[in-house]
1. So, in the stretch B:32-56, how many residues would count as being under 15 Å from the mean Cα position of the chain (by Cα) and either under 28 Å from A:T5 (Cα atoms) or at pLDDT 95 or above (or both)?
2. Given A:L43, A:L13, A:L21, which one is touching a Cys at 6+ places or on another chain (Cβ under 9 Å) and either more than 13 Å from chain B (Cβ to nearest Cβ) or touching a residue at least 40 places away in the same chain (Cβ under 8 Å) (or both)?
3. Out of the residues in the stretch B:69-98 that are exposed (fewer than 13 other Cβ atoms within 10 Å of the Cβ) and more than 28 Å from A:I46 (Cβ to Cβ), state the one that is nearest to the other protein chains (Cβ to nearest Cβ).
4. Of everything in the stretch B:20-38 that's of a type in the set (A, V, I, L, M) and surrounded by 20 or more Cβ atoms within 10 Å (Cβ to Cβ), which residue is nearest to B:E64 (Cα to Cα)?
5. Just to be sure before I move on: is A:A24 aliphatic (A, V, I, L, M), closer than 17 Å to B:T101 by Cα, modelled with pLDDT of 95 or more and surrounded by 15 or more Cβ atoms within 10 Å (Cβ to Cβ) in the structure I sent?
6. Failed condition for B:Q42, given (1) surrounded by 15 or more Cβ atoms within 10 Å (Cβ to Cβ); (2) within 9 Å of chain A (Cβ to nearest Cβ), with all others met?
7. Within the stretch A:20-53, track down each residue that is among the hydrophobic types (A, V, I, L, M, F, W, C) and within 12 Å of the chain's Cα centre (by Cα).
Amino acid sequence: NAGVTQTPKFQVLKTGQSMTLQCAQDMNHNSMYWYRQDPGMGLRLIYYSASEGTTDKGEVPNGYNVSRLNKREFSLRLESAAPSQTSVYFCASTVTSNQPQHFGDGTRLSIL
Amino acid sequence: AQSVTQLGSHVSVSEGALVLLRCNYSSSVPPYLFWYVQYPNQGLQLLLKYTSAATLVKGINGFEAEFKKSETSFHLTKPSAHMSDAAEYFCAVSSGYSTLTFGKGTMLLVSP
């Protein structure tokens with residue numbers, strides 16, 4: 001009963017390094033999402049994939065890229081990490097937009 | 001466009017007291033509304049959802065919320081707070097497209 005699995009759980013990077021955050025869901029959901037959570041800001045959508053083969057920008061896409069590898073997997077890439085990208089990143093998935101999203105446990109990313 | 005406003009970044013109650021967390025939304029179409037709870041170092045868990053059926057929605061852990069179209073509100077309540085209710089609560093709205101918009105969150109503090 002895994003649900004949404006994110007790896008890694010913690011990561012420390014240096015400015016300018018690159019990294020890919022992985023997300024996989026086993027619920028046969030169509031849509032997947034990447035959010036970042038910062039204190040006092042709630043959750044802000046970075047990118048989403050409404051269905052396999054499509055990706056779209058959210059509210060804060062700058063500095064990130066995504067890949068919907070297949071129906072199960074949706075990865076988030078930081079090409080050149082910046083301290084402003086220090087955050088907690090959450091992946092979520094859902095069947096359709098009128099149904100609840102299911103969240104992973106998050107990746108805590110620090111960029112020095 | 002859709003948006004969510006949660007009044008009060010922090011709410012403090014005594015154990016056994018009424019919990020009231022406020023959420024107002026804007027949406028150009030009939031909305032789907034959700035409340036999520038986040039415990040420390042965890043992802044978001046669904047508390048309850050409104051999807052145009054009954055206006056009073058019951059969720060887990062004794063929480064409920066009432067959809068009031070005239071007030072564009074979806075406030076979360078619980079008759080008697082427990083220490084275990086201490087967490088951050090997020091209201092979210094979907095207008096039926098692919099994305100959710102979250103409020104900035106309300107931290108509920110419960111004192112003995």
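1. Result for the stretch B:32-56: 16.
2. Values: A:L43 fails: touching a Cys at 6+ places or on another chain (Cβ under 9 Å); A:L13 fails: touching a Cys at 6+ places or on another chain (Cβ under 9 Å).
Selected residue: A:L21, the only one of A:L43, A:L13, A:L21 that is touching a Cys at 6+ places or on another chain (Cβ under 9 Å) and either more than 13 Å from chain B (Cβ to nearest Cβ) or touching a residue at least 40 places away in the same chain (Cβ under 8 Å) (or both).
3. Step one: of the stretch B:69-98, the residues exposed (fewer than 13 other Cβ atoms within 10 Å of the Cβ) are B:69-71, B:79-80, B:83-84, B:97.
With more than 28 Å from A:I46 (Cβ to Cβ) added as a condition, the list becomes B:69-71, B:79-80, B:83-84.
Details: B:K69: 17, B:S70: 22, B:E71: 21, B:P79: 24, B:S80: 25, B:M83: 23, B:S84: 19 Å.
Filtering the stretch B:69-98 for residues that are exposed (fewer than 13 other Cβ atoms within 10 Å of the Cβ) and more than 28 Å from A:I46 (Cβ to Cβ), the one nearest to the other protein chains (Cβ to nearest Cβ) comes out as B:K69.
4. Taking the stretch B:20-38 first, the residues of a type in the set (A, V, I, L, M) are B:20-21, B:29, B:33, B:37.
Checking which are surrounded by 20 or more Cβ atoms within 10 Å (Cβ to Cβ) leaves us with B:21, B:33, B:37.
Working: B:L21: 11, B:L33: 12, B:V37: 13 Å.
Taking the candidates together, the pick is B:L21.
5. Against the criterion (aliphatic (A, V, I, L, M), closer than 17 Å to B:T101 by Cα, modelled with pLDDT of 95 or more and surrounded by 15 or more Cβ atoms within 10 Å (Cβ to Cβ)), A:A24 does not qualify.
6. The failed condition is (1).
7. First, the residues of the stretch A:20-53 that are among the hydrophobic types (A, V, I, L, M, F, W, C): A:21, A:23-24, A:27, A:32, A:34, A:41, A:43, A:45-46, A:50.
A:L21, A:C23, A:A24, A:M32, A:W34, A:L43, A:L45, A:I46 - these are the residues of the stretch A:20-53 that are among the hydrophobic types (A, V, I, L, M, F, W, C) and within 12 Å of the chain's Cα centre (by Cα).
The values are calculated or read from the model by the stated rules, or taken from the named source; none is laboratory data. Remember, predicted model here, so these are calculated numbers, not experimental data. Glycine gets a Cβ as well: all are built from the backbone with ideal geometry, and neighbour counts include every protein chain shown.
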